[in-house]
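Beneath this line is the structure, given in structure tokens, with notes to follow.
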Amino acid sequence: MSIEEYNAAVDKYSDNVYRFILKNIKDEEKAKDIVQDAFEKLWVKAENVPYKKVKSYLFSTAYHTMIDALRKEKNQTGISEADLTSHIHTGQYSDLNEILHKAIEKLPGSQKSVILLRDYEGYSYDEIAEITGLSESQVKVYIYRGRMFLRNYIGSLETVI
């Protein structure tokens, strides 16, 4: 990859990578550091990464850097440790977007990441598997479980509206 292609990748993908990381960790400074680390790793490996694979490489690198940071802080909760039934929303409220964001925040880390990659960034199952290092079937399971949690949390649209 040339310097011009690298600069084009920074212009084209930095906001998307930052937004993805920020939605996962909710800390602007840490998100900026993770994105910067991802671009630094891309710069170091620039001659080995073809321009066609830059987007996937950046999201994968940023995702794995974020996971490493979360592990260092011991903030990651596994699905078996989370009490999903205590997070059901039953009150009546009209701001669906706010409820959805609150519900996404309550998802375990793996489910949250794959839901964001699929529904917010528009990646396919195999692209998400490549980015996260999970199998494609595991990605589908996490997305299914995450969507079921979101459905149970939000409840019926009549309750929300």
With just the Cα atoms defining each centre, how far is the stretch 1-55 from the stretch 102-161? Give it in Å.
23
Let me check I have the definition right: for the stretch 3-73, take the eigenvalues of the Cα gyration tensor, multiply each by 5, take square roots. What are those semi-axes in whole Å, largest first?
21, 12, 9
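Every read-out reported here was derived from the displayed coordinates using simple, explicitly stated rules and does not represent laboratory data. Nothing here was measured: the structure is a model prediction, and the numbers come from that model.
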